[in-house]
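Worksheet: the structure to be examined is printed underneath.
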Amino acid sequence: MDERDWTTRTPDPGATLMGEGVTIRCAAESGASLVSGDLDAAIASLAPGAPMLGLLDEVPEKPFALRIARDRALLCTDAPLGQEGWRDGFAVSGADDLFLVIEITGARRDEIRSACLGGGVGSPSAATLFAGQGALVATCPGGLCVRVEAPQAAALWTHLDRLIAAL
Amino acid sequence: MQRFSCPFCGLRDETEFHFAAEAGKHRPEPAPEVSDADWADYLFGNDAPRGPAREVWVHLTCGEFFVMTRDTVTREVLGSAALPGRSQ
Amino acid sequence: MTGWRHDSAGMVDRDRPLSFTFDGQPCTGFAGDTLASALLAGGPRILGRSFKYHRPRGLWGMGGEEPNAILDVTENGRTLPNVRATTMVLRDGMALRSVNAAPDAARDRLGLIDLAQRFLPAGFYYKTFMALGWMRWEPMIRRMAGLGVLDADHHPPADAPSMTAEIDLLVIGAGPAGLAAARAAARAGRAVWLVDEAAEPGGALRWRGGEIDGAPWQAFARDSCQAVTAAGGRVLTDTVLWGAFDHGMFAAWERRADRPDRHWRLRAREVILAAGAIERPLWFANNDLPGVMSSEAALHYLALYGAVAGRRIVIGCAGDAPYATAAALAAAGCQVTLVDARSETPPAPEGVTLRRAARITRAHGHREVGAVTVEGVHLDCDTVLVSGGFTPSVHLHCQAGGKLDFDPRTDALIPRPGSAPLLTVGAACGAFGLAAALAGGHVAGGGAGPAPAASGAVWGIAPSRPDPKARGRVWIDPQNDVTLKDVKLAAQEGYRSVEHLKRYTTLGMATDQGRSANFAGLAAMAALTGQTIPETGTTTYRPPFTPVPLSVIGGMRRGEGFAPPRRLRLEAQHRALGARFREYGGWLRPAHYGTDEAKAAQAEARTARQTAGLYDASPLGKIEVLGPGAAELLDFCGYVRMSTLKPGRARYGFMLSETGIVFDDGVVLRLAEDRFIVSASSGHVGSVRMILEEARQDRFDPARVVLHDVTAQWTTLTATGPASRALLGGAGIDLPDLPHMGVAETRWQGVPLRIARVSFTGDASWELSVPARHGAALQAALETARAGHGACWVGLEAVMILRAEKGFILVGKDTDGITMPQDLGWGGPRDRRQDEYFGRRSLFTPEAMRPDRRQLVGLETSGAPLPTGAHVLASDGPRRSAGFVTSSCHSPTLDRPVALAMIEGGRSRIGQEVTVFHLGTLSTARITDACALDPEGARLHG
């Protein structure tokens, strides 16, 4: 298939979609790292006190960590940590540009959630499928906070744009 | 839309999972000591039980491989367990 | 036009007339009509033709069970095929067309088929159309088969969202039983979702009426719905619950008038099924004539729409239910005769003639009913209403695994309590009658508060059955044209199980799924085989309960939403440079720059080879493998050992599957003792990562090695060609002194920069990776220096040419599902390695050791490039393929075609001439080494 079959683009940070009772905003990640292994040691070393969040947990001020797996998490920070490699018992890889952050707020955000999230409330892992795409899903003030890998953001953005018109 | 249980993440939609293998198959090694028949049986021979079956599945969103016991007739999920040594 | 519109009954808006056409004939209706009610009140009676015999068909029922009134509906130039007239609301300007009839329902030419009916019993398909071969008959049969016509220009938008909800109590059906259950549960504080397929709650109350708790039923319905919403629940109308699935999931289709429909996946802690029951017909000769209708449906049309079926009406029954219909029609001014098979009956309603202990034995008429024979007496009439009992709608109970028991009292198959994870109440479990429905629903909903009360006894019913000795043609399934004689034929031919009966006769396989036919069919078969009804059993119930448009289930996952490709961070920059994009390996990437594709790819490849080229290699997978166990993991998962790779170096390797097949290839970079980056083909990153994860968790200690997929974190731009080093210097990039296959981590303008000297083109090549947020700056710097060094941006098409000239493979294009590494000339690790690795044993099977396996070679020709997929013929023996062309293009550098191919024993045949076959044409080629350019690799060091 060629380019004429895809009309959409990856949203720029700051891009917004407005619908009846719902606003969707795209933001860049300020800084993030993938950490694996001994997560307690990783947090203590890189961002002491950062809480570990699961599915739909409320995100506080940075730094905080979004749990992905038993032994993997995304540590979100105010700025890139600039750390790479294996430490004692854990590994860290820069992931500052891996995800785009999509915030969904407004009175009808629960309908968006109904249309994009399957079952599975209250899970220790924030990683799930959101509108069929891998994503990390948490709650932010006023709504949902969804992290999707940047190359797939265009597809999710298009889907949300059509969804708010269809709800 | 079936629901499976990842030992770490809990109950999730089936689209987050993928079948890996029948559980309980041990890889014959080392290669020079394995007959063609044994190797073929390891690769392709499956018990495919009718009723409760132990299977290795992977939860794609977190990457955890685990054992799920599932009834192949009623499709009921009878239990999920982490791989030995994995639960913390 | 036998039906007529009452001047005041019903709830249509007589101040808003609507115009529509039926088979081109103008008709009128009112706002609030369905297509069926408008046609009944003022349209022709013949609405279609039956599937096999093309007999005239008229309206039978009132809802989803309708077997006959199936129409193609055109609105605003768009046609929807196979709409049931009973479930679609009438709008102004609609054009309705009958189906399965030409030129139209009234004058269908194929009506003549009915004259040959004696030769067309059930199963005749299997016995005829054999002479001259089926292929002769197939086109004719295909033209005749099917009902409506698809509008090829009508593409419904992909706009139906798929919603998920977890609920406390799901009540399916908002008739009296469902409303009572919902109200009781809501009063106990439970959040109830109450779902009904009609536009308003009430179920049969809407046309039967009735008083509940001393007030009109509407107050009860309103009160119940308010209780539901007040307790945090939801009432969904115009919503069909169409399937029960595994793990307690129910699917529903919500129709909305001015917004897109919605698909619901519902999971409930508890489910109550209150889906009601469907009226059965009676069975007498010619019972399929237009004008023969369900009695309950006639009451429904009169009460809701003021549409009256006729004026001289005979009602055949064996139970109490049609007495209300008779009373209402008589009150509306019709001449009504009630024919009850029972000798003890309720009193005749006012104005109704009642005949007891009497049955209809034949209907008369040519194209619509004009008279009936009742116990030998001829009665003129224009409409025959029938009620042979009620069949509870147990579909969802059975889909959920539930079993049925036969209840002789109600002459119905009803859900066995406890056999399914849902509770059935009301008519759906054989509790016919308002009081019984309310009581059962109330208890099922938890019984909070006083039970709603209504008067009225449980309906009396005497079983009705098709009479096996009846004379004349008696229809069991009107849509698929299955008669009682067909059931006898099936039994005679040995198709006695109910599943065989269904498939042999097609009874119950039409769009109505046998709603009005299945019970009679199984009862007739039971009688013929001397078995009881439970012994005969029912066919399997499967979703959907009612036809559901695929556009609702498919939802938004169509077109762009179906398999959207991944997008480059620098897409805008490439577009600004004139890139034309295409999908490669699941990513949208530049195919070439500029408009002329064929010329652009050649020109870009030539420039890249002669001077320098730049391309975006970001999609190439980057999986970090970290930890003290990293080398060990890679040694096992890879075919080429990486533990011997020194930090700062890169090595090309393969990943095999356990069957020894080449699964992926790519370069591994070692940045430190405990840090590697595995590159994987852009389309295989996810699966390569899963193979590594499985070994990590199931074979090794996961605390000693971890995996991070950071593909999207980095933007990678590659500079290739003899002038590439100078170009990078001109862009301000300080190149460290790297050997070929070296890697270094450095900085550029304060930003991390990783440089890998790896080549996919055969020329000196540098892959530059920066964190994606700095990719635009790097791209801009390269673009500024580009022109001054005579370089150009190259798209994937040009890169494909460059790698083909070098014989570099693409997994999945030059390899297939049986290619092993030794076939590519990479047998070394297999011969040398002593340690265990993934796929090892498979490389030593008799199949793997065959000397005539297909091997990667090149093919040299003159003239035009060989077509990819062209076959190389075996040089002796019978004509057969000995291999095929896997990649082929014109080489601008060599100014001739180059091709790669997999040919049996190819490497030992280098230099030989072969014949190439493609779509009937033969040509010749010479087998060469796969690498057509600079086999020593001198250009790598340029």
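Just so you know, all these numbers are worked out from the coordinates, no wet-lab data involved. Here the structure is a predicted model, which is why all the values come from computation and not from measurement. Don't worry about glycine lacking a Cβ; one is built from the backbone with ideal geometry, like all the others, and counts go over all protein chains shown.
The C-alpha atoms of chain C define a longest principal axis, and helix C:217-230 lies at about 30 degrees to it. DSSP bridge analysis restricted to chain C gives an antiparallel fraction near 75%, rounded to the nearest 5.
By the Cβ distance rule of under 4.7 Å, chain A has these cysteines without a partner: A:26, A:76, A:116.
Against the main long axis of the alpha-carbon atoms of chain C, helix C:322-331 sits at an angle near 70°. When the Cα gyration tensor is reduced to axis lengths a ≥ b ≥ c, the ratio a/c is 1.5 or higher for the stretch C:194-301, and with a/b not above b/c it is classed as oblate.
A simple rule links phi to the HN-Hα coupling: the Karplus curve 6.51 cos²θ - 1.76 cosθ + 1.60 with θ = phi - 60°, which for the stretch A:21-37 gives x, 8, 10, 10, 10, 9, 9, 7, 7, 6, x, 7, 9, 7, 10, 9, x Hz, with x for Gly and Pro. With contacts taken as Cα pairs under 8 Å and at least 6 residues apart, chain C reaches a relative contact order of 9 percent. Distance from the alpha carbon centroid of the stretch C:628-666 to that of the stretch C:172-230 works out to 66 angstrom. In this simple spin-label approximation, residue C:912 and residue C:776 carry label points 7 Å from Cα along the Cα→Cβ vector, and these lie 5.8 nm apart. In whole Å, how far is the Cα centre of the stretch C:329-408 from that of the stretch C:413-484? Cα centroid to Cα centroid, the span is 16 Å. Using a simple spin-label model with pseudo-atoms 7 Å out from Cα toward Cβ, residue C:862 and residue C:25 lie 7.7 nm apart.
Note on residue C:934 and residue C:375: the extension gain reaches 191.2 nm, defined as 0.36 nm multiplied by sequence separation minus the Cα-Cα distance.
Fewest-first ordering of C:99, C:751 by other beta carbons within 10 Å of each residue's beta carbon gives C:751, C:99. Using just its DSSP H runs of length 4 or more, each adding -39500 (n - 2.57), the protein assembly as shown gives a mean residue ellipticity at 222 nm of -5500 deg cm²/dmol after division by all residues. Using the Cβ-Cβ distance between residue A:161 and residue B:37 with R0 set to 56 Å, the FRET efficiency works out to roughly 0.45. Summary of the geometry: the stretch C:71-134 and the stretch C:784-853, compared by the centres of their Cα atoms, lie 57 Å apart. Taking other Cβ atoms within 10 Å as a rough exposure proxy, C:134, C:253, C:766 sort from fewest to most as C:134, C:766, C:253.
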